[in-house]
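Every number in this text was worked out from the coordinates using simple rules, so none of it is lab data. Remember, it's a predicted structure, so these values are computed and weren't measured experimentally. Using ideal geometry, Cβ is built from the backbone for each residue, glycine included, and neighbour counts are taken over all protein chains shown.
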Amino acid sequence: MAIKLGMEARLYYGTAGATATTELINVKDVTLNLETGEADVTTRGNQGWRATVATLKNGTVEFEMIWDTGDAGFAAIKDAYFNNTAIALAILDGANGEGLDADFSITNFSRNEPLEEAITVSVTAKPTYSTRAPAWKEAGA
């Protein structure tokens with residue numbers, strides 16, 4: 001059994017249209033949400049049981065960053081949000097790990113200002129219209 005710790009995971013960013021290769025190190029508490037839509041295919045032949053098939057996949061990544069205007073990664077995320085431009089992200093479970101690779105739209109960029117902590121920003125990104133489809137990258141590939 002190979003256990004992975006969150007601190008071993010990697011989040012990369014880059015120019016939309018290409019695989020992200022620059023590590024985004026100013027992040028913490030990254031969450032990759034993967035869900036699938038459903039279609040009801042229940043028939044009388046199911047003997048009273050509902051039948052479902054999976055439809056479209058949905059991926060969302062949420063993470064926090066320290067509000068650091070001198071950090072290039074922070075600037076790239078902020079610019080993607082304010083300019084409504086796509087950004088490539090790869091959310092992997094390690095340096096050569098597996099995870100989602102796609103071009104994303106930044107849909108949430110909320111600043112948090114706790115009294116005794118550093119200012120942070122909560123970010124939500126969702127796959128966007130692009131020349132490359134979202135893909136699940138396998139470890140070592």
Checklist line | ASP68 vs. criteria charged (D, E, K, R) and in contact with a helix residue (DSSP H, G or I) (Cβ under 7 Å, 6 or more places away or on another chain) | finding: yes
Notebook entry, point to check: Scanning the stretch 10-22 for residues that are in a strand (DSSP E or B) and touching a Leu at 6+ places or on another chain (Cβ under 7 Å), which turns out nearest to ASP103 (Cα to Cα)?
Noted result: TYR13
Item checked: So GLY70, is it outside any strand (DSSP E or B) and under 17 Å from ALA102 (Cβ atoms) -> no
Next item on the list: Please go through the stretch 50-74 and pick out each residue that is over 24 Å from PRO134 (Cβ atoms) and surrounded by 10 or more Cβ atoms within 10 Å (Cβ to Cβ).
Entry: ALA51, ILE66, TRP67, ASP68, ASP71, ALA72
Margin query: Condition first: touching a residue at least 60 places away in the same chain (Cβ under 8 Å) and either more than 16 Å from THR15 (Cβ to Cβ) or part of a loop (DSSP other than H, G, I, E, B) (or both). Now tell me which residues in the stretch 73-108 satisfy that.
Written below: THR85, ALA86, ILE91, LEU92, ASP93, GLY94, ALA95, GLY97, GLY99, LEU100
Next item on the list: Assess whether THR128 counts as being more than 19 Å from THR60 (Cα to Cα) and surrounded by 13 or more Cβ atoms within 10 Å (Cβ to Cβ).
Entry: no
Check: Of all residues in the stretch 82-117, which are surrounded by 12 or more Cβ atoms within 10 Å (Cβ to Cβ), touching a strand residue (DSSP E or B) at 6+ places or on another chain (Cβ under 8 Å) and more than 19 Å from LEU32 (Cβ to Cβ)?
Finding: ASN112
Notebook entry, point to check: How many of the residues making up the stretch 29-49 are in contact with a strand residue (DSSP E or B) (Cβ under 7 Å, 6 or more places away or on another chain) and either more than 22 Å from SER105 (Cβ to Cβ) or buried (at least 16 other Cβ atoms within 10 Å of the Cβ) (or both)?
Noted result: 6
Next item on the list: List the number of the failed condition for ARG111; all other conditions in (1) over 16 Å from ILE87 (Cβ atoms); (2) not in a strand (DSSP E or B) hold.
Entry: (2)
